[in-house]
Structures are given as C-alpha cells and as structure tokens.
Amino acid sequence: NAGVMQNPRHLVRRRGQEARLRCSPVKGHSHVYWYRQLPEEGLKFMVYLQKENIIDESGMPKERFSAEFPKEGPSILRIQQVVRGDSAAYFCASSPRPIVGTEAFFGQGTRLTVV
Amino acid sequence: QKEVEQDPGPLSVPEGAIVSLNCTYSNSAFQYFMWYRQYSRKGPELLMYTYSSGNKEDGRFTAQVDKSSKYISLFIRDSQPSDSATYLCAMNKNNAGNMLTFGGGTRLMVKP
C-alpha cells in the first residue's frame, strides 16, 4: 500500500556501521509492525509497536537491534554494528488497530546490504 | 518444524491454466488466513482473506481453508503473465495485536 512509506529503499553499510530504517505509517495508523525477509524466504516478524510503546519484540535479536515509534515522527528500526547476516529486506506494516485479519498494509521495504 | 509450510516452487504454468497454491500449518490457534502477492523487489499486497474454514471467491481468485486438515489453498483461474509473482500465505490467531505468521512463499511464473 502506497500509504506506508519506508526510507531509504536501498541502504548499503559496511560491517560495523549502524543502519537506521524509517517507516511512516498510513495517516491515522498507530500500530506498526516490522518484518524481515531473507532472500528466498518469507517474512519473519520482528517487533510490534504502538506510539511510544513496544508491545511485542519477541522476534527481535537480543543484541544490536532496537526499535522505536515516538509520539511524533516515523518508526525507526536501528541496527548497530551491522554484520553480513543482517543483509535482508526489512518491511514495515501499519494498521489502525491491532491486526486481526486484513487491516495491515505493508510498505515497499528497505533493502539493506552489508558489505 | 516451521509453523507454516509452503512449497517454494518455482511453479511454471502456461497462460490460461488453473493454478493451485497451498500451505499447511501446525498451530490450531490460527483463525485468520490471508494470501499476499509480492512482485519482485516490492512489498506484499493483500489478495485474499478468510476467517476460519470455508471458501471465498474474488474474481479469478478463490481461497479455501480446511481447518480440520490445517490446509489452505489459493486457486487462480485463467492465469495471466501478470500473475507471475511470489505468493505468500499468512495467518494469525484470534488475539488482538498478534503478528502475522508467514509461509516461505511460492514463486509462480505464468508463461505467455
């Protein structure tokens, strides 16, 4: 859905650098979900946030990864000290309320390449 | 064992063929079942949604859910080259705020 804006679309980082991925949800949506897609694989849930709160981070690696969704501005997925294995497409979805079925809309993704 | 299994393909069919895409799952708590289409280097877009068991038809697409067998299907009639994409099944439980669990996706190629 064009309403969910992710940037940048492509991001190249050297090993050890930080990557910041941004997601602006559909206007009026206060629930944001981050997913990661490795090559030739489906999407894996990472984290679910509401404004200023992390609701479920059960899919997030314990180290180097963090996410926030401040009161103002986009949601940010931050990866510190990136490694080659972090290379993937990262998708954000938003919904007006907790997902039950059809209301989640995905952005176009950020493709992170770690060199 | 993955919660949701999907044959990765690729599945190659001639234009006009009927396509059958399938997923199996292991968690009986799943209540909502979705099919997403993902074109290369794009985000997933929702195609079909079904709640619990049953069939749903939308144009050339039919989604079926058999909860007793833990098996869902997407049928595409009169397939077109523009249907060439990766099809992802997804499902979630009957709890608010629960995340979607995806299959790995099946790559479909419809040849003119």
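Here are the criteria: (1) in contact with a Leu (Cβ under 9 Å, 6 or more places away or on another chain); (2) open to solvent by 40 Å² or more (accessible area, probe 1.4 Å). Tell me which single one A:Cys23 does not satisfy.
(2)
Are there strands (runs of 3 or more DSSP E) fully within the stretch A:14-77 with at least 3 residues that are more than 30 Å from B:Pro10 (Cα to Cα)? List them.
A:19-24, A:43-50, A:53-56, A:65-68
Of the numbered conditions (1) closer than 16 Å to A:Val12 by Cβ; (2) buried (at least 18 other Cβ atoms within 10 Å of the Cβ), A:Gly85 satisfies every one except a single condition; which is it?
Just one mismatch for A:Gly85, condition (2).
I need the full set of residues from the stretch B:73-100 which are touching a Leu at 6+ places or on another chain (Cβ under 9 Å) and not small (Gly, Ala, Ser), in order please.
Hits for the stretch B:73-100 are B:Leu74, B:Phe75, B:Ile76, B:Asp83, B:Thr86, B:Tyr87, B:Leu88, B:Cys89, B:Met91, B:Asn92, B:Leu100.
Right, B:Lys111: open to solvent by 70 Å² or more (accessible area, probe 1.4 Å) and within 21 Å of A:Phe105 (Cα to Cα) or not?
No; evaluated as a whole, the condition is false for this residue.
Only one of A:Glu52, A:Glu40, A:Glu18 is within 14 Å of chain B (Cβ to nearest Cβ), out of contact with any helix residue (DSSP H, G or I) (no Cβ under 8 Å at 6 or more places or on another chain) and surrounded by fewer than 20 Cβ atoms within 10 Å (Cβ to Cβ). Can you tell me which?
A:Glu40
Condition first: surrounded by fewer than 19 Cβ atoms within 10 Å (Cβ to Cβ) and of a type in the set (S, T, N, Q). Now tell me which residues in the stretch A:26-37 satisfy that.
Of everything in the stretch A:26-37, just one residue is surrounded by fewer than 19 Cβ atoms within 10 Å (Cβ to Cβ) and of a type in the set (S, T, N, Q), namely A:Ser30.
When the residues of the stretch A:4-45 are filtered to those that are closer than 14 Å to A:Phe91 by Cβ and charged (D, E, K, R), which remaining residue is modelled with the lowest pLDDT?
Checked the stretch A:4-45; the qualifying residue modelled with the lowest pLDDT is A:Glu41.
If I filter the stretch B:29-58 down to residues being charged (D, E, K, R) and assigned to a loop (DSSP other than H, G, I, E, B), which single residue comes out as most open to solvent (accessible area, probe 1.4 Å)?
B:Arg41
Out of B:Tyr25, B:Tyr32, I need the residue that is within 10 Å of another protein chain (Cβ to nearest Cβ) and either over 26 Å from A:Arg9 (Cβ atoms) or at pLDDT 95 or above (or both). Which one?
Of B:Tyr25, B:Tyr32, the one residue that is within 10 Å of another protein chain (Cβ to nearest Cβ) and either over 26 Å from A:Arg9 (Cβ atoms) or at pLDDT 95 or above (or both) is B:Tyr32.
Any residue at all in the stretch B:90-111 that is more than 12 Å from every other protein chain (Cβ to nearest Cβ) and out of contact with any strand residue (DSSP E or B) (no Cβ under 7 Å at 6 or more places or on another chain)?
For the stretch B:90-111, residues more than 12 Å from every other protein chain (Cβ to nearest Cβ) and out of contact with any strand residue (DSSP E or B) (no Cβ under 7 Å at 6 or more places or on another chain): absent.
The values are calculated or read from the model by the stated rules, or taken from the named source; none is laboratory data. Every value quoted in this text rests on a predicted model; they were computed, and no experiment measured them. Note that each Cβ is placed from the backbone with ideal geometry, even for glycine, and that neighbours are counted across all protein chains shown. Heads up: the accessible areas ignore ligands, DNA and RNA and are worked out on the full protein's heavy atoms, side chains in. Shrake-Rupley method; radii C 1.70, N 1.55, O 1.52, S 1.80 Å.
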